[in-house]
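Notes for the one structure printed next.
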Amino acid sequence: QVQLVESGGGLVQAGGSLRLSCVVSGTIFGVNVMGWYRQAPGRQRELVADITSTGTTNYLDSVKGRFTISRDNAKNTVYLQMNSLKPEDTAVYYCNAVVLMRGTLDLRSYWGQGTQVTVSS
């Protein structure tokens, strides 16, 4: 069983900051790519940022320069530091992890439950 537990969402004024965290636990051998996605009402889920096990990052154009993704491999944790938040960043943010399963060594994708981020104008 694999679990992703997110924390750090909330309500913030435009220009403010939030930091999201996501911890991966379970019968895993390791974690490959970790990422953050978001889904606003009436819109499709989109990739915000992801990071490989070696630290290569990828960002949605609209968050470049404002958001920073990082990870702690020893803790199987991924973070998303969000600065200069805008009302259009309002969404449910989901953590995703591609994990290497202990035993079978299969790669499987898992999702967190989502955390609400609301940015007021």
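The values are calculated or read from the model by the stated rules, or taken from the named source; none is laboratory data. Fair warning: this is a prediction, and the values are worked out from it, not measured in the lab. Cβ placement follows ideal geometry from the backbone for every residue including glycine, while neighbour counts extend to all protein chains displayed. Ligands, DNA and RNA are stripped out before the accessible areas are found, and what is left, the full protein with its side chains, is counted by its heavy atoms. Shrake-Rupley method; radii C 1.70, N 1.55, O 1.52, S 1.80 Å.
Take SER109: with every protein chain present and a 1.4 Å probe, its accessible area is about 70 Å². Given their separation in residues at 0.36 nm each and the Cα-Cα distance between them, SER21 and ARG102 gain 26.8 nm when the chain is fully extended.
Packing, as the average of other Cβ atoms within 10 Å across residues, places the peptides 77-83, 113-119 in the order 77-83, 113-119, highest first. Per residue, the chain exposes 53 Å² of accessible surface when a 1.4 Å probe is rolled over the protein heavy atoms with every protein chain present. For region 19-79 versus region 89-114, the inter-centroid distance based on Cα atoms is 9 Å.
Simple point charges give the picture: +1 on the Cβ of Lys and Arg, -1 on the Cβ of Asp and Glu, and for the chain a dipole about the Cα centre of about 60 debye.
Enclosing the Cα atoms of the chain in their convex hull gives a volume equal to 94 cubic angstrom per residue. Distance between the pseudo-spin-label points of SER121 and ASP72 (7 Å out from Cα toward the beta carbon): 3.8 nm.
Largest to smallest in accessible area, the residues GLU88, GLU46, GLU6 fall in the order GLU88, GLU46, GLU6 (1.4 Å probe, all protein chains included).
To the nearest 10, the accessible area of ILE69 is 10 Å² with a 1.4 Å probe.
At 1.4 Å probe size, with the rest of the protein present, what percent of the exposed accessible area of the chain is carbon and sulfur atoms?
48 percent
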